[in-house]
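S.K.: Below is the structure I would like to discuss, written out as structure tokens.
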Amino acid sequence: MLNIPSLKNKKCLIGKNPHHVAVIMDGNGRWAEKKGKMRVVGHQEGLKAVKKVVKFAFIKKLKILTLYAFSSENWKRSELEIKALIKLFLFALNSEIHNLTKYNIRLKIIGNLKHFNKDFQHCVQKAEEITLKNSGLLLNIAINYGGRWDIIQGIKKIFNRIQQKKLKLEKINENMFSQYLSTGNSLPVDLVIRTGGEKRISNFLLWQIAYSELYFTDVLWPDFNQYIFQDAINFFISRNRRFGG
Ligand code: FPP
């Protein structure tokens, strides 16, 4: 497991910037509808906001940024919208890879990619390989992701290792279980931001957000920018995190 900030570095971060921020980017469709445009236009504008937050995470020297781009429930959307979203992901992967390298950002796609065609899987693999050795920000993009799926795939991996006698049941604890999740041996999420006005988690990183601070804003995702990101970070800094203590 390369370059992933380890759980051993876990600190309370009182009065400090978060290490790991996760974002539920919601409101692209409503943003477009309000302007009398197709939903797809909202997603295109959403991509511009993605670029802004990645740049800001880089400037603020965050360790991990995890973005929820496509949930396992998003397949219920129209074929037209799904196709447009997939096209947009591919466009972003191809056009932004040089910037990721330039800013020393490592890209990791988390989610069940088996539902996508081979070309898509190949593009993802290539982008991950190109940025594998980058040691700055870790950018996780969740595509066809569900928190419950993540926990189940982790259990399956552990079960396999037990069957192969490579792991003993007694060795399983919370820290080691985390390593089998799609986020791997990474820092827990400090701050979750959700745009678009809803106040729910929508099956995002369920295990990883056990002690996260939650920041909800009515701002629709395409209107999100570095100033609102800073507001969320200020909110985080003002929190007294007790981790149940
Ligand atoms: C939620 O808004 C947004 C999505 C399901 C897609 C997010 C995709 C992007 C921001 C663009 C590409 C991103 C990357 C990382 C390449 P919604 O459609 O649910 O909005 P609504 O609630 O107003 O309908």
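S.K.: What are the principal axis extents of the Cα atoms in segment 103-195, in Å, biggest first?
M.R.: Between the extreme Cα coordinates on each principal axis of segment 103-195 lie 42, 34, 30 Å.
S.K.: State, to one decimal in nm, how far the label point of Asn175 lies from the label point of Lys157, with both points 7 Å from Cα in the Cβ direction.
M.R.: Distance between the two pseudo-spin positions: 1.8 nm.
S.K.: Same structure again: Carbon and sulfur: what percent of the chain's accessible surface (1.4 Å probe)?
M.R.: Accessible surface attributable to carbon and sulfur in the chain totals 54 percent.
S.K.: Out of the trypsin sites (Lys or Arg not before Pro) in segment 118-203, which ones are loop residues according to DSSP with at most 15 other C-beta atoms within 10 Å?
M.R.: In loop regions of segment 118-203 (DSSP not H, G, I, E or B), the sparsely surrounded trypsin sites (Lys or Arg not before Pro) are Lys133, Lys165, Lys166, Lys168, Lys199, Arg200.
S.K.: Rg(Cα) of the chain divided by 2.2 N^0.38 Å?
M.R.: Output field value: 1.01.
S.K.: Let me ask another. Which residues in segment 51-73 have a backbone N closer than 12 Å to a point placed 7 Å from the Cα of Ile130 along the Cα-to-Cβ line?
M.R.: none
S.K.: Which entries in the list Lys35/Lys102; Lys35/Lys55; Lys35/Lys199; Lys102/Lys199 go over 30 Å, if you measure between the two C-alpha atoms of each?
M.R.: Too far apart for the 30 Å limit: Lys35/Lys102; Lys102/Lys199.
S.K.: Between Lys168 and Asn112, how high is the FRET efficiency from 1/(1 + (r/R0)^6) when r is the Cβ-Cβ distance and R₀ = 25 Å? Nearest 0.05.
M.R.: After rounding to 0.05, the efficiency reads 0.35.
S.K.: Quick one: accessible area per residue over the chain, 1.4 Å probe, rounded to a whole number of Å²?
M.R.: I get 55 Å² per residue for the chain.
The values are calculated or read from the model by the stated rules, or taken from the named source; none is laboratory data. Only a predicted model underlies this, so the values are computations on that prediction, with no experimental measurement involved. All Cβ positions, glycine included, derive from the backbone under ideal geometry; neighbour counts span all protein chains shown. Protein only, heavy atoms only, side chains kept; ligands, DNA and RNA dropped before computing areas. Shrake-Rupley method; radii C 1.70, N 1.55, O 1.52, S 1.80 Å.
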